[in-house]
Amino acid sequence: MMKRLVILMALAAVVIAAAAPAMAQDPLPHTLNLGGENSDLGPFIVAANGMTLYTFKRDSFGVTNCTGNCAQAWPPYTVESAEGLTVAEGIPGEVGTIERPDGALQVTYNGMPLYFWQNDAEIGDATGHNFRTAWLVVRPATVYAVPNAEHGFMLVGERGFTLYTFANDEPGVSNCVDNCANNWPPLTVPDANALITSLDLPGIFSTIERPDGTLQVTYNGDPLYYWVQDMARGDTTGHLRGDVWFVALP
């Protein structure tokens, strides 16, 4: 009788472990981690519990538009406190929080709210990617697109600040150097392998070597720049500056 009870308890433990694969993992060390990867999507960002995170194209910087039934299907990634948030090495940009309508603190990456997907059952699942073309896994991207009320979707750099093109440039050539480059810092990467783009971006991203030897990112041949007077994510104060600077659009 005792032997039979031990066998039944062992079987029950196996069933419980199989039913909750995500809970069997030790917590990951950071709020945002590079834990997800597959042959189609490449590396992507996961939460402290190891589960895949997503962004919603209808959100904007610091604003969630997924509430009610949406938030039941796409549970927001929430934390108890905005203190002590960290990102793993290899993830550029910043982690933060916003307050949701119900008062909960939702984690953001470069200002964009983060969510789970109810149909992801195991660590490594990314079944919500491109759902209704509105939901995307989060890559540690050098360049990605975000919605903007005036410009539609626009390109931003790894910290979420607006990127621009210069009408006086030539394809694959930057004509913004010296004082110009002080005001319009080029988007650079340490090497070509460090250039990672969002999965939903059309066009060709590449790099060119600037006169100082740094590698500047280009989009369809156009060198990309920041504008020093943009103080916050979503600012586009450089657009039409001198009639030669334009927000970079995908």
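The values are calculated or read from the model by the stated rules, or taken from the named source; none is laboratory data. Here the structure is a predicted model, which is why all the values come from computation and not from measurement. Cβ coordinates were reconstructed from backbone atoms using ideal geometry, including for glycine residues, and neighbour counts include every protein chain displayed.
Output yes when any residue across the range 50-59 is in a loop (DSSP other than H, G, I, E, B) and polar (S, T, N, Q), and no when none is. Lay out the reasoning, then the answer.
Pass one, the range 50-59, residues in a loop (DSSP other than H, G, I, E, B): 50-51, 53, 57-59.
Adding the requirement that they be polar (S, T, N, Q) leaves none.
So far as the range 50-59 goes, no, none of its residues is in a loop (DSSP other than H, G, I, E, B) and polar (S, T, N, Q).
Name the one entry in 127, 97 that is outside any loop (DSSP other than H, G, I, E, B) and either modelled with pLDDT of 95 or more or surrounded by fewer than 19 Cβ atoms within 10 Å (Cβ to Cβ) (or both). Before you say what the answer is, go through the steps one by one.
Details: 127 fails: outside any loop (DSSP other than H, G, I, E, B).
Just a single option satisfies the conditions, and that option is 97.
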Handout entry: Residue among 145, 194 that is touching a Pro at 6+ places or on another chain (Cβ under 6 Å), closer than 25 Å to residue 129 by Cβ and not acidic (Asp, Glu)
Key = 145
Fill in the blank from the handout: Here the residues within the range 189-232 that are at pLDDT 95 or above, in contact with a Leu (Cβ under 7 Å, 6 or more places away or on another chain) and either surrounded by fewer than 16 Cβ atoms within 10 Å (Cβ to Cβ) or small (Gly, Ala, Ser) (or both) are 209
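I'd like to verify a number: residues in the range 188-234 that are among the hydrophobic types (A, V, I, L, M, F, W, C), assigned to a strand (DSSP E or B) and touching a Gly at 6+ places or on another chain (Cβ under 7 Å), how many? Break it down stepwise before answering.
Just the residues of the range 188-234 that are among the hydrophobic types (A, V, I, L, M, F, W, C), to begin with: 189, 192, 194-196, 199, 201, 204-205, 208, 215, 217, 224, 227-228, 231-232.
Checking which are assigned to a strand (DSSP E or B) leaves us with 189, 205, 208, 215, 217.
From what is left, the residues that are touching a Gly at 6+ places or on another chain (Cβ under 7 Å) are 208.
The total comes to 1.
Here's the yes/no breakdown for (1) crowded, with 22+ Cβ neighbours inside 10 Å; (2) in a loop (DSSP other than H, G, I, E, B); (3) modelled with pLDDT of 90 or more; (4) in the same structural domain as residue 197 (by TED's automatic domain parsing):
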{"position": "44", "(1), (2), (3), (4)": "yes, no, yes, no"}
{"position": "67", "(1), (2), (3), (4)": "no, yes, yes, no"}
{"position": "90", "(1), (2), (3), (4)": "no, yes, no, no"}
{"position": "122", "(1), (2), (3), (4)": "no, yes, yes, no"}
Practice task
State whether the residues of the range 160-179 include one that is at pLDDT below 95, closer than 28 Å to residue 38 by Cβ, not aromatic (Phe, Trp, Tyr) and not assigned by TED's automatic domain parsing to the domain that holds residue 56.
Solution key: yes
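Mind telling me which of the residues 243, 178 ends up being in contact (Cβ under 8 Å) with a residue 60 or more places away in the chain and acidic (Asp, Glu)?
On the way: 178 fails: in contact (Cβ under 8 Å) with a residue 60 or more places away in the chain.
Criteria check complete, one pass: 243.
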Fill in the blank from the handout: Residues in the range 69-88 that are surrounded by 20 or more Cβ atoms within 10 Å (Cβ to Cβ) and either in contact with a helix residue (DSSP H, G or I) (Cβ under 8 Å, 6 or more places away or on another chain) or not in a loop (DSSP other than H, G, I, E, B) (or both) total 1
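If I filter the range 151-175 down to residues being in contact (Cβ under 8 Å) with a residue 60 or more places away in the chain and of a type in the set (D, E, K, R), which single residue comes out as surrounded by the fewest Cβ atoms within 10 Å (Cβ to Cβ)?
Top of the filtered list is 159.
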Handout entry: Members of the range 46-70 found to be touching a residue at least 40 places away in the same chain (Cβ under 8 Å), out of contact with any Leu (no Cβ under 9 Å at 6 or more places or on another chain) and more than 22 Å from residue 234 (Cβ to Cβ), listed by number
Key = 51, 52
